[in-house]
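Nothing in this text is a laboratory measurement; each read-out follows from the coordinates by a stated rule. It should be emphasised that the depicted structure is a prediction, and the values quoted were computed from it without experimental measurement. All Cβ positions, glycine included, derive from the backbone under ideal geometry; neighbour counts span all protein chains shown.
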Amino acid sequence: MDEFVNTWSIEGFREEGQTTAEMGWGTHEKELPAHAYRHKAGPRNQICLARMGMDVWVRTWVPNYTVRRHGRAPRRGVHHLRPPHRLGEGEAGLPSTVHYAYCPSDAAIVSLNEMRGMTTS
């Protein structure tokens, strides 16, 4: 109780997990996920989901690897840096969808749930 535990930056996990999920969005994607929106300015190679990043589950896939992983999608600054036409090119040279996937430890999940249950007075 009253202790937040995590395997990397506790403050980073808390801050990034509580803000909206963001991901680099591939030009080949046909429709946006539920609760998603595009930014009105900038390179428009990123979307935001109107949900906390720690509430968004994603499945990862890396070319040339057969293992797929599930994780949560906290906000990460790398999506802002992704050029709209270079990093993560998918089929036919189109920019692919890129996101960060983090699988917190059991202790971190307990801490996250405790944080959600706290109320400010």
By average C-beta atoms within 10 angstrom, highest first, the peptides 100-106, 39-45: 100-106, 39-45
Can you order the peptides 59-68, 13-22, 26-35 by their average number of other Cβ atoms within 10 Å per residue, highest first? 13-22, 26-35, 59-68
So how far apart, in nm, are the two label points at ARG69 and HIS35 if each is 7 Å from Cα heading toward Cβ? 2.4
Scan around ALA21 for amide H atoms under 5 Å from its own, H built in the peptide plane at 1.01 Å from N, and keep only partners 5 or more places away or cross-chain. LEU49, ARG51, GLY53
Gain on full stretching of the segment that runs from GLU15 to THR97 - 0.36 nm per residue minus C-alpha separation: 27.2 nm
When all Cα-Cα pair distances of the range 21-62 are considered, the percent exceeding 15 Å is 44
Return the sequence-ordered ³J(HN,Hα) values of the range 29-36 in whole Hz as given by the Karplus equation 6.51 cos²θ - 1.76 cosθ + 1.60 applied to θ = phi - 60°, using x for Gly and Pro. 5, 7, 8, 7, x, 4, 6, 9
